[in-house]
1. If I ask for residues that are surrounded by fewer than 24 Cβ atoms within 10 Å (Cβ to Cβ) and aliphatic (A, V, I, L, M), which ones from the range B:287-310 would you list?
2. Please determine whether any residue of the range B:46-57 is at pLDDT 90 or above and crowded, with 21+ Cβ neighbours inside 10 Å.
3. Hey, among B:THR461, B:THR433, B:THR425, B:THR447, which residue is touching a helix residue (DSSP H, G or I) at 6+ places or on another chain (Cβ under 9 Å) and under 24 Å from B:ALA272 (Cβ atoms)?
4. Please work out if A:LEU210 is open to solvent by less than 10 Å² (accessible area, probe 1.4 Å), assigned to a helix (DSSP H, G or I) and touching a helix residue (DSSP H, G or I) at 6+ places or on another chain (Cβ under 9 Å).
5. Could you list, in sequence order, all residues of the range B:146-156 that are away from every other protein chain (no Cβ under 11 Å) and part of a helix (DSSP H, G or I)?
6. Of the conditions (1) away from chain A (no Cβ under 14 Å); (2) in a helix (DSSP H, G or I); (3) surrounded by fewer than 20 Cβ atoms within 10 Å (Cβ to Cβ), B:VAL84 fails just one. Which one is it?
7. Could you run through the range A:402-436 and say how many residues are in contact (Cβ under 8 Å) with a residue 12 or more places away in the chain, within 18 Å of A:MET312 (Cβ to Cβ) and among the β-branched types (Val, Ile, Thr)?
8. Quick check on the range A:349-398: of everything there that is among the aliphatic types (A, V, I, L, M) and assigned to a loop (DSSP other than H, G, I, E, B), which residue is farthest from A:LEU317 (Cα to Cα)?
Amino acid sequence: MPTLYDILTLLPELYLVAAVCLILLLDAFMKPAQRPQLHWISIAVLLVAIYLVVAGQPEQTATAFNGMFVRDHVAEILKVFALGITAVVFVYARPYMIDRKLFGGEFYALMIFAALGVMVMVSAGNLVTIYLGLALLSLSSYALVALNRDARLPPEAAIKYFVLSALASGMLLYGMSMVYGASGMGGTPTLDLAQLHGVMAYTTAPKLLLLGLIFMLVGIGFELGVAPFHMWLPDVYHGAPTPVTTFIGAVSKLAAFGLAWRLLEVGMGDLSHYWQPMLAALATASLVIGNLVAIVQTNFKRMMAYSTISHMGYVLLGLSAATPEGYSAALFYVICYALMSAAAFGVMLVLARAGFECEEISDFKGLNQKAPWMAFLMLLAMFSLAGVPPLFGFWAKVLVLEAAIHADMLWLAIVGVVTAFIGLYYYLYVIKVMYFDAPEEGAVVEVKTDTSLRVVLSVNALALLALGLYWGPLLAWCQRAFGV
Amino acid sequence: MFNHLLSLLIWLPIVGAVPVLLAGSARPMLARWLALLITIATFVISLWLLRYDPEGSVMQLQETHVWISTWGVHFTLAVDGISVALILMTTFVGILVIAGAWKVIQNRPHQYMACMLLLEGLLIGVFCATDALVFYAFFEAVLIPMYILIGMWGGPRRVYATLKLFIYTFTGSVFMLIALLYLYQKAHTFDLATLAALPLTMKEQAWLFFGFLIAFAIKVPMVPVHTWLPDAHVEAPTGGSVWLAAVMLKIGTYGMVRFILPITPDAGAHFAWIVIVLSLVAIVYIGYVALVQEDMKKLVAYSSVAHMGFVTLGIFMAFMLVREGGNTDMASLGMQGAMVQMISHGFVSGAMFTCIGVMYDRTHTRQIKDYGGVINMMPWFGLFYVLFAMANCGLPGTSGFVGEFMVILASFSASPWIALFATFTLIIGAGYTLWLVKRVLWGPVTTEHVKHMTPMTPRETWVLIGFAVAVLAIGVWPQPLIHLMDSSVAHLVQQLAVHKI
């Protein structure tokens, strides 16, 4: 029987389930004229959820349902940013969705369901909970990608996403079953992550355990979108409606970090000397492939997809250090990345209008002449992604590089910096297009007049500058979560 | 105010860029006046730096603000004599650059002025940071306004030039970042004074040395990584060229003085010959390259590379003199000469680029063959042009002479061969500069371009007077400048004499 303590620990998630059901009901029964109110209701729902997460956060790690669910500081940070950025995506999405006649309750409900999946996943204390959260996130994401079902690209992207993602979850599950089996050989079988930590010491089938680890790594690699498991990313980024791309680019990466940390450190921490080199190899592949292929992209969304691949390589740089400093650096990086990509896509959404996606890099030509403020915000996002001080992205890179050097992986850090200046080119190219090129003849630039959108976007992009000038508190928060 | 003087100097232009931007393209005159007022205010405030006491402790006007406590990074600022001289040069050039661009920049002047102010603040930051991470942040951030500056207001191949500049310099700096992070592992701090005292093995020092050297050599720039500079100079607007030549190149040599000398003295001594050889190649070979240029800006750009060769020569010769001969006096002299050369080159090259800008604004060509007989149309301009050309080839009485002479004098003690090659500059430098003057200024008016040249405006005259005063003052009476930097140079020579293994 669940106790009151269990319920209280799970309160933010339970509240969100109830709230989503309410949103669905409201969507069905509201008068059409009042339906736009759903937007503000959904944002309020998310803000209340953030409040519940922060206010109810126990000082010590709390577990519920016999360790199935863990509520610690890592989960707290990830949830706060996942919910916050989901709310930001709502603000960015509204004019876009209205223009394309996609505005409706199902968008909000699916997004909140996906965010709920993220919350469950990052709080998982058990292999089953991880899968539960992942399934909730993935299923909602498939539907979200295909939301614009009459267009050509979205269904295609959704099918690709679904097939590859199903394969990857299959791998993950298969790996989990092996790990479960290995834990049963020579002891009591267990799915609990904390108990899995230490199976290596007694199991009579260590090779099975390691094989399971490899399969799980494939699943993690897919969720993070690191090479060579990255093939889905460009197509999904390109095909999905831009707000959904923003969500997948920002929030899903937070979730994937949570997944990787829970599985690798909490569950398999004692095998770190096995998975460290594998992560280092994945990191190298992502950094090289992501940065090189991004150079030749002409579509902004596809470029951002390859840029994501390279950035996830940096996250792996921190993870593969397998130290609390490394994890906190990786968490810092993934938060930073979420904010940067949200800002970049936000500018795209501000400029998009009915029949015009603003998704080609050439669509930004001469933006500085037509809309200097938006060009400036994009400039901040691009310099931050490129890792130029004093912007936020630079400090995140410094932290993961430092973690890698600290873990005696100087060569990996050098790969990191060498690929950083390869990557520099395509970010600078976007700035070049915006600032140095003249706008095309007859090109119309229409900046959305939605006040909330403009304000939130400005805050988002300026945060990259502000956090770049003063990143101490955020780092301290991340470090405390891992007990540095 | 004196407790936060350096912070004020850094942030006044940077924060001042915001109202200039807000003035917008609708009110260009307001943007210009605001920018000018801010640079003048910065210069006036920077005059307080003259309170620096050369007899006192080396680092003065210290400021420490806790920045990132969990990482032990402090926002620490302080200046020694060398920084004071460089900051004063920066704030002075800042005014001239803004005034020089007054009418020339008609396309989005507010953004141009804001870029200028940002550059000024960031460069001042480079010269007063005493925490390696803070230094690095300023050092790299300088690229952002520079990238925009050349890309937006540059010539026809501006995009190529500005991308090349950014990628070249960024590439070098990331290796420095790795070196700094490695040092952080050992010392758990980025404080430069602590890093200077950190014992390091020869192998570590060698790696760190090359990490730093790549970063700074590209910025200086030294042969063979100098190729970005002619491109950037040719395409940059006049103001951009002036900043680039006058101040930005100096942050490379300044970085060497701040990082390589104190942190890796043993590796520095061991590998000094590499830098010395490259410096001599720059002085001699790049001098010849300058001789054949057909574009005035390219010529001056190559002559900048050659002159910066003197600075690197002076700095690294000190290793040879101290480590091999124990000749501290001569080492100080050479180092002193290098520092004077930095300041002098800042004014001379800035002035040369301004002169070229003045002609370019009238004719819209930088090809030497399009000129000839300019003196007939612009006599007063000719006066200034000849003065700066003389300074460029190191005529006594101008600032160009002082530094080069000191370096050559010191190099004789190190090795007559070095002195021989270094002295070549007097011939080659005179060759390309005087030939340039001959082809541009003298002779009859032969081309259409020159026929329509108009005399200088008062604004242009005042800008050139500003440069001329600086060039002559240092040339005629260099003692205050040398005295200002004396104890700092002595301290540097001490630092490079320390064995850290």
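The values are calculated or read from the model by the stated rules, or taken from the named source; none is laboratory data. What you see is a predicted model; the values in this text were computed from it and never measured. We place every Cβ from the backbone using ideal geometry, glycine too, and count neighbours over all the protein chains shown. The area values use the complete protein model at the heavy-atom level, side chains included, leaving out ligands, DNA and RNA. Shrake-Rupley method; radii C 1.70, N 1.55, O 1.52, S 1.80 Å.
1. Answer for the range B:287-310, where residues must be surrounded by fewer than 24 Cβ atoms within 10 Å (Cβ to Cβ) and aliphatic (A, V, I, L, M): B:VAL289, B:LEU291, B:VAL292.
2. Yes, the range B:46-57 contains at least one residue that is at pLDDT 90 or above and crowded, with 21+ Cβ neighbours inside 10 Å.
3. B:THR425
4. The answer is no for A:LEU210.
5. Of everything in the range B:146-156, just one residue is away from every other protein chain (no Cβ under 11 Å) and part of a helix (DSSP H, G or I), namely B:MET146.
6. Result: B:VAL84 passes all but (3).
7. 4
8. Checking each candidate, the answer is A:ALA354.
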